[in-house]
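Everything on this sheet refers to the single structure shown next.
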Amino acid sequence: MKITDEDFGILAVCAIRYCQGRMSYMPGLVRGIIQCHIEGVTDKDLQILINDCEYQSNMQLWGDGQIDKQGWLEWKDFLIKEQNRRKA
């Protein structure tokens with residue numbers, strides 16, 4: 001079974017939401033997989049991922065602020081750059 005871009009985007013959103021606030025290897029692993037396949041994320045799901053980053057920031061769902069926060073901030077920066085690239 002081949003998955004569509006829409007299916008991949010939905011899976012990406014669910015996986016990222018699962019990882020928020022977790023202090024383990026999983027957030028970095030999931031972010032890395034999605035980054036490698038970002039072309040499979042629709043514009044709509046890309047915006048949802050960015051919105052989730054904003055929510056994460058507002059709710060302080062970084063996991064450990066010393067260890068996990070930087071990775072999430074880099075993730076958000078990556079997503080915004082991807083969105084800007086697509087708009088250009």
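The values are calculated or read from the model by the stated rules, or taken from the named source; none is laboratory data. Given the structure is predicted, the values throughout are model-derived calculations rather than measurements. Neighbour counts are summed over all protein chains in view; Cβ atoms, including those assigned to glycine, are modelled from backbone coordinates with ideal geometry.
Of all residues assigned to the stretch 65-73, none qualifies as being over 11 Å from the mean Cα position of the chain (by Cα), modelled with pLDDT of 95 or more and either crowded, with 18+ Cβ neighbours inside 10 Å or not in a loop (DSSP other than H, G, I, E, B) (or both). Taking Gln35, is it out of contact with any Pro (no Cβ under 9 Å at 6 or more places or on another chain) and modelled with pLDDT of 90 or more? It is true that Gln35 is out of contact with any Pro (no Cβ under 9 Å at 6 or more places or on another chain) and modelled with pLDDT of 90 or more.
Restricting the stretch 48-61 to residues that are in contact with a Phe, Trp or Tyr (Cβ under 9 Å, 6 or more places away or on another chain) and not in a loop (DSSP other than H, G, I, E, B), which is surrounded by the most Cβ atoms within 10 Å (Cβ to Cβ)? Reasoning before the result, please.
The first filter runs over the stretch 48-61 and keeps only residues in contact with a Phe, Trp or Tyr (Cβ under 9 Å, 6 or more places away or on another chain), leaving 49, 53, 56-57, 61.
Adding the requirement that they be not in a loop (DSSP other than H, G, I, E, B) leaves 49, 53, 56-57.
Working: Leu49: 24, Cys53: 21, Gln56: 22, Ser57: 14.
Among those residues, the one meeting the criterion is Leu49.
Filtered by the rule that a residue be in contact with a Gly (Cβ under 8 Å, 6 or more places away or on another chain), surrounded by 13 or more Cβ atoms within 10 Å (Cβ to Cβ) and not hydroxyl-bearing (Ser, Thr, Tyr), the stretch 21-47 gives Gly21, Arg22, Pro27, Gly28, Arg31, Gly40, Val41, Asp45, Leu46.
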